[in-house]
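Asker: Please see the structure below; I have some questions.
The values are calculated or read from the model by the stated rules, or taken from the named source; none is laboratory data. Predicted model only: the values in this text are computed from it and were never measured. Cβ: placed from backbone, ideal geometry, glycine included. Neighbour counts: every protein chain shown. These area figures cover heavy atoms from the full protein model, side chains too; ligands, DNA and RNA do not enter into them. Shrake-Rupley method; radii C 1.70, N 1.55, O 1.52, S 1.80 Å.
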Amino acid sequence: MRRRVHDARVARLATVTSDGRPHVVPCCFALSGDVAYSAIDAKPKSTLALRRLANLRANPHAALLVDFYSDDWSLLWWVRMDGRGIVLDRGAEHDDAIALLTRKYPVYAAEPPPGAVVAIEIVGWRGWP
């Protein structure tokens with residue numbers, strides 16, 4: 001599972017809204033041990049204060065889903081990481097996460113993510129097959 005997650009280029013981040021509804025967004029991410037990091041990058045947005053950040057500040061429950069689809073169903077797989085998310089606005093862990101993401105995604109080397117970093121401490125791994 002870790003190899004598949006490490007090599008994956010995109011995931012879906014699930015958080016919980018203030019009224020208990022799921023909020024799911026695609027994201028770039030990098031894995032370091034049992035922590036997954038995703039940053040608010042420079043893709044066009046109306047604000048850097050995104051709902052996923054507010055959700056995590058109010059309720060730390062989060063999940064990250066990585067999957068692979070093919071019309072050859074023998075190749076299908078998915079991995080879900082459940083955990084506790086926090087928002088890193090600055091500091092050493094924030095800076096280390098940006099460096100990790102920059103190594104994985106060359107586009108970030110040209111334009112490092114300007115926003116906060118989401119750190120998900122993974123407490124459970126589930127996958128198929």
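Asker: Taking amide hydrogens as modeled 1.01 Å from N in the peptide plane, which residues meet the under 5 Å criterion relative to S32, leaving out close sequence neighbours?
Answerer: Y37
Asker: Give a residue-ordered list of calculated ³J(HN,Hα) values for segment 104-121 (Karplus: 6.51 cos²θ - 1.76 cosθ + 1.60, θ = phi - 60°; whole Hz; x for Gly, Pro).
Answerer: Rounded to whole hertz, the list is 7, 10, x, 4, 6, 5, 6, 9, x, x, x, x, 5, 10, 9, 10, 10, 7.
Asker: Using alpha-carbon pairs under 8 Å, 6+ residues apart, how would you state the relative contact order of segment 38-83 in percent?
Answerer: Worked out over segment 38-83, it gives 29 percent.
Asker: Which stretch or stretches of segment 1-19 have amide N atoms under 15 Å from the point lying 7 Å from A54's Cα along the Cα→Cβ direction?
Answerer: Within reach of a label on A54: 15-19.
Asker: Let me ask something else. How large is ³J(HN,Hα) for each residue in segment 12-27, as worked out from phi by the Karplus curve 6.51 cos²θ - 1.76 cosθ + 1.60 (θ = phi - 60°), to whole Hz, x for Gly and Pro?
Answerer: For segment 12-27, the Karplus curve yields 10, 9, 10, 10, 10, 6, 5, 9, x, 8, x, 10, 10, 9, x, 7 Hz.
Asker: Which whole number of Å³ per residue matches the convex hull of the alpha-carbon atoms in the chain?
Answerer: Value for the chain: 120 Å³ per residue.
Asker: What accessible area per residue, rounded to a whole number of Å², is obtained for segment 30-91 using a probe radius of 1.4 Å?
Answerer: The answer is 57 Å² per residue.
Asker: Now for a separate question. Taking all protein chains as present, what is the carbon and sulfur share of the accessible area of the chain, in % to the nearest whole number, probe 1.4 Å?
Answerer: 56 percent
Asker: Ordered by residue, what ³J(HN,Hα) values in Hz, to whole numbers, does segment 59-69 give under the Karplus form 6.51 cos²θ - 1.76 cosθ + 1.60, where θ = phi - 60° and Gly and Pro are x?
Answerer: Running phi through 6.51 cos²θ - 1.76 cosθ + 1.60 with θ = phi - 60° gives 8, x, 5, 8, 9, 10, 10, 10, 8, 9, 10 Hz.
Asker: Further question: If you find the alpha carbon centre of segment 45-66 and of segment 14-39, how far apart are they in angstrom?
Answerer: 6 Å
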